[in-house]
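Working notes, beginning with the structure itself.
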Amino acid sequence: MMIEGLLPSATEIDFVSRAELDLLWDIVLSPYHLQVVNFSLENGILEDINKGVDALAYCTKKSREVGHQIDVIVCFLEHIGLVVSREGKLQLTDPARKLLLRSSRLNLATLCSDHAIFLKGFPYFKELFTSGLEQARPLWSTLASLEELKAHFARRVPFEESRRPYRWSSAWLLVRPYLRRRLSDFRRVCDLGSGPGAFAAQLVAVAPDLHALAVDINFGYTEYLKTSLDDIASLPASLRERVTLQACNVMHDRVPESELYTANRFISGLSRVAARGWLEKIFAEMPAGSVFAGCDFFLSGNAEHDRFTSRLFIYNVSYGQSLMADKNNQLPTRSEVTWNPPWSFLELRTLFTEVGFTDFYCEEADGPMGYIEVRRP
Ligand SMILES: C[S@@+](CC[C@H](N)C(=O)[O-])C[C@H]1O[C@@H](n2cnc3c(N)ncnc32)[C@H](O)[C@@H]1O
């Protein structure tokens with residue numbers, strides 16, 4: 001993958017408002033709007049409009065070219081807030097320019113394309129009312145046997161590989177809440193369940209004194225490790241020298257020593273049954289005074305924010321339900337399908353505090369996301 005252009009600076013990241021990101025999340029979490037935007041992205045409609053086009057002439061020509069009613073698409077793009085029509089000319093709005101153009105370093109088009117998979121779940125939503133999904137998620141817990149875990153994640157590598165572009169282009173979204181913390185207090189960070197190392201690279205890009213160790217079970221698989229190392233090697237020297245990748249099964253292996261531990265989009269994968277055991281394990285392994293933080297899909301207690309989180313959860317479980325309904329489906333992620341509602345800040349505060357962590361801090365982030373931070377006394 002060509003990574004270099006994908007890592008925006010802190011100033012660029014800060015230049016995007018929460019309202020702009022909430023608009024994009026709102027689109028992503030609306031099955032209808034998501035289809036409009038994905039169609040527009042696939043057919044280069046936003047790129048065309050960015051050149052400045054006459055509405056009527058463009059819609060007529062493009063409709064002929066692609067064989068669809070482009071005026072209908074443009075009409076929806078206006079409703080959604082991505083396009084405006086002024087005196088017969090079409091223009092992109094600021095969020096469309098910043099977040100959906102190929103030339104933008106903040107391009108989040110993969111957020112739209114990656115979430116298209118969830119549309120398969122739409123017809124299965126109502127089955128959730130009768131299906132009674134499992135609650136335990138043994139593969140994402142300290143309770144899974146080592147052999148089972150290795151075999152499962154080996155089968156899962158192609159799925160993770162397909163999400164690599166999304167992980168890289170959305171890493172700056174995860175970094176946003178960290179920008180408001182005192183990153184200069186730390187020299188070393190260990191990112192747990194890191195994915196390809198994208199967050200680690202983006203974090204060191206905004207924190208010049210930080211060295212990151214990204215650990216993931218996937219680095220134990222040769223191909224995934226090799227592609228991830230190639231990605232890191234393509235970064236400028238000032239960044240690649242400060243990012244290390246290491247295979248680690250964070251459920252069974254001891255976590256490496258660090259000052260700051262991060263786990264993004266990881267806690268949301270832990271069930272109510274599994275979370276305490278894992279937090280007790282890492283609490284015992286973390287050095288005194290170190291900090292644990294995570295940006296993830298959490299409920300904050302504010303209904304305006306939590307509607308986003310709930311809609312993402314609906315996507316997840318409905319898609320899971322579609323996998324369960326398809327008896328021939330061999331996808332490894334099928335065995336991870338459970339009823340695992342998002343964690344709330346309140347629940348997390350209680351859990352982390354009971355485990356022994358102190359200084360619980362939480363903050364809403366964009367769309368369905370939230371940030372938490374605790375200290376290991
Ligand atoms: C939802 S992804 C999040 C990746 C990355 N943190 C991000 O936000 O882009 C969860 C990651 O946790 C990793 N993971 C799951 N179980 C693990 C385990 N027992 N040990 C280490 N990594 C694990 C997966 O391989 C996957 O890369």
Identify all residues within the range 248-275 that are of a type in the set (S, T, N, Q) and part of a loop (DSSP other than H, G, I, E, B); write none if there are none.
249, 258, 264, 271
Working only within the range 177-214, note down all residues that are within 13 Å of the ligand (Cβ to nearest atom) and without any contact (Cβ under 8 Å) to a residue 24 or more places away in the chain.
none
Residue pairs qualifying under the 6 Å Cβ cut-off, at least six apart or on distinct chains, with the first in the range 250-273 being within 27 Å of residue 135 (Cα to Cα) and in contact (Cβ under 8 Å) with a residue 12 or more places away in the chain and the second being more than 12 Å from the ligand (Cβ to nearest atom) and part of a loop (DSSP other than H, G, I, E, B), are 271/136; 271/340; 273/136
Please specify each residue of the range 319-335 satisfying the condition of being in contact with a Leu (Cβ under 9 Å, 6 or more places away or on another chain) and assigned to a loop (DSSP other than H, G, I, E, B).
329, 331
If you take just the helices (runs of 4 or more DSSP H) that sit entirely in the range 1-56, which of them hold at least 2 residues that are more than 18 Å from residue 199 (Cα to Cα) and of a type outside the set (Gly, Ala, Ser)?
18-28, 31-42, 45-50
Residue 114 being touching a residue at least 40 places away in the same chain (Cβ under 8 Å), among the acidic types (Asp, Glu) and closer than 25 Å to residue 195 by Cβ:
yes
Within the range 284-299, can one find any residue that is within 20 Å of residue 178 (Cα to Cα), part of a helix (DSSP H, G or I) and within 21 Å of the chain's Cα centre (by Cα)?
no
Only residues that are farther than 14 Å from residue 124 by Cα and polar (S, T, N, Q): list them for the range 320-342, please.
328, 329, 330, 333, 335, 338, 340
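Considering each of 239, 225, 229, 245 in turn, give the residue that is within 13 Å of the ligand (Cβ to nearest atom), assigned to a helix (DSSP H, G or I) and either out of contact with any Cys (no Cβ under 6 Å at 6 or more places or on another chain) or without any contact (Cβ under 8 Å) to a residue 60 or more places away in the chain (or both). Can you show your working first?
Values: 239 fails: within 13 Å of the ligand (Cβ to nearest atom); 229 fails: within 13 Å of the ligand (Cβ to nearest atom); 245 fails: assigned to a helix (DSSP H, G or I).
Answer to the check: 225.
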Candidates 269, 277, filtered to the one that is at pLDDT 95 or above and under 26 Å from residue 214 (Cα atoms):
277
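The rows are residues; the columns are (1) touching a helix residue (DSSP H, G or I) at 6+ places or on another chain (Cβ under 7 Å); (2) of a type in the set (Gly, Ala, Ser).
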position: 275; (1), (2): yes, yes
position: 290; (1), (2): no, yes
position: 301; (1), (2): yes, yes
position: 304; (1), (2): no, no
position: 312; (1), (2): no, no
position: 315; (1), (2): yes, no
position: 328; (1), (2): no, no
position: 340; (1), (2): no, no
Among (1) part of a loop (DSSP other than H, G, I, E, B); (2) surrounded by fewer than 15 Cβ atoms within 10 Å (Cβ to Cβ), where does residue 338 come up short?
(2)
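Of the residues in the range 158-167, how many are within 9 Å of the ligand (Cβ to nearest atom) and assigned to a helix (DSSP H, G or I)?
3
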Output for the range 69-88, where each listed residue is over 21 Å from residue 20 (Cβ atoms) and exposed (fewer than 14 other Cβ atoms within 10 Å of the Cβ)
69, 72, 87, 88
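Across the range 248-277, which residue is surrounded by the most Cβ atoms within 10 Å (Cβ to Cβ) among those that are of a type in the set (S, T, N, Q), near the ligand (Cβ under 10 Å from one of its atoms) and within 19 Å of the chain's Cα centre (by Cα)? Show your work before the answer.
Just the residues of the range 248-277 that are of a type in the set (S, T, N, Q), to begin with: 249, 258, 262, 264, 268, 271.
After this cut, where a residue has to be near the ligand (Cβ under 10 Å from one of its atoms) as well, the list is 249, 262, 264, 268.
Cutting the leftovers down to within 19 Å of the chain's Cα centre (by Cα) gives us 262, 264, 268.
Details: 262: 26, 264: 28, 268: 23.
Among them, the one singled out is 264.
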With (1) closer than 25 Å to residue 31 by Cα; (2) touching a residue at least 60 places away in the same chain (Cβ under 8 Å); (3) crowded, with 16+ Cβ neighbours inside 10 Å; (4) within 16 Å of the ligand (Cβ to nearest atom) as the list, and residue 313 as the residue in question, which single condition is left unmet?
(2)
Just to confirm my filter: which helices (runs of 4 or more DSSP H) fall fully inside the range 91-148 and include at least 3 residues that are modelled with pLDDT of 95 or more, within 16 Å of the ligand (Cβ to nearest atom) and surrounded by 16 or more Cβ atoms within 10 Å (Cβ to Cβ)?
109-115
Scanning the range 284-304 residue by residue, those closer than 17 Å to residue 343 by Cβ, surrounded by fewer than 20 Cβ atoms within 10 Å (Cβ to Cβ) and not aliphatic (A, V, I, L, M) turn out to be 301, 302
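The values are calculated or read from the model by the stated rules, or taken from the named source; none is laboratory data. Everything numeric in this text was worked out from a predicted model, so none of it was measured. Every residue, glycine as well, gets a Cβ built from its backbone with ideal geometry; the counts of neighbours run over all protein chains shown.
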